[in-house]
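Structure first, then comments.
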Amino acid sequence: MAPGHLSVREMREDEKPLVLEMLKAGVKDTENRVALHALTRPPALLLLAAASSGLRFVLASFALALLLPVFLAVAAMKLGLRARWGSLPPPGGLGGPWVAVRSSGDVCGVLALAPGSSAGDGARVTRLSVSRWHRRRGVGRRLLAFAESRARAWAGGMGEPRARLVVPVAVAAWGVAGMLEGCGYQAEGSWGCMGYTLVREFSKDL
């Protein structure tokens, strides 16, 4: 499917259930890899071992004492990712949420934007997800190009000295990171837990 067969417009209210399912599916695709990455770091392994040792004095089952901390840690991480990225943010100063729509009318991607936390930070992508049935067909790049055009228009309207777009990417989402680097974005920051990166932030001056 060529990008020219796609249009981007604001989401209609009747499309919200479909868009939410798309976001949740996108989070589900990466959460297991993010959890595996986080829980195999040495500090996390040390904490899990300590928790298991403590539970052995409380629980009669060695296997339960070993598996319970891992299960709770994975569940907490998944719930955190779903709460952060699996829901739709309210419309902000940049409008939206936006959806990519095929000429047939099928919604195949979603995008949400928000202003940066302070003046000069530019705009941020808060949600970017493509339906698994439409990946590797230019939908992500089309949404990204639309996000850049919105960020430029918003910066001009606000009198900002420069237009800039920041895109957070989960550490396990190598395909998204590769797409951003191919579009001229550079990794500039990150956040995580216990000194280990879980999300990288890519930015580009427009």
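The values are calculated or read from the model by the stated rules, or taken from the named source; none is laboratory data. These figures come from a predicted structure and were not determined experimentally. Virtual Cβ from ideal backbone geometry, glycine too; neighbours counted across all protein chains shown. All accessible areas refer to the heavy atoms of the entire protein, side chains included, with ligands and DNA or RNA removed. Shrake-Rupley method; radii C 1.70, N 1.55, O 1.52, S 1.80 Å.
Observations
- Applying the criterion of being acidic (Asp, Glu) and outside any loop (DSSP other than H, G, I, E, B) to the residues of segment 128-181, the residue that is least open to solvent (accessible area, probe 1.4 Å) is GLU148.
- Residue that is modelled with the highest pLDDT [pool: residues in segment 178-201 that are closer than 21 Å to ALA35 by Cα and touching a helix residue (DSSP H, G or I) at 6+ places or on another chain (Cβ under 8 Å)]: ARG200
- Some residue of segment 86-95 being open to solvent by 60 Å² or more (accessible area, probe 1.4 Å), at pLDDT 70 or above and either among the hydrophobic types (A, V, I, L, M, F, W, C) or assigned to a helix (DSSP H, G or I) (or both): no
- Criterion (modelled with pLDDT of 85 or more and touching a Lys or Arg at 6+ places or on another chain (Cβ under 7 Å)) met by exactly one of ALA145, ALA163, ALA153: ALA163
- Residue match in segment 102-122 (condition: charged (D, E, K, R) and part of a helix (DSSP H, G or I)): no
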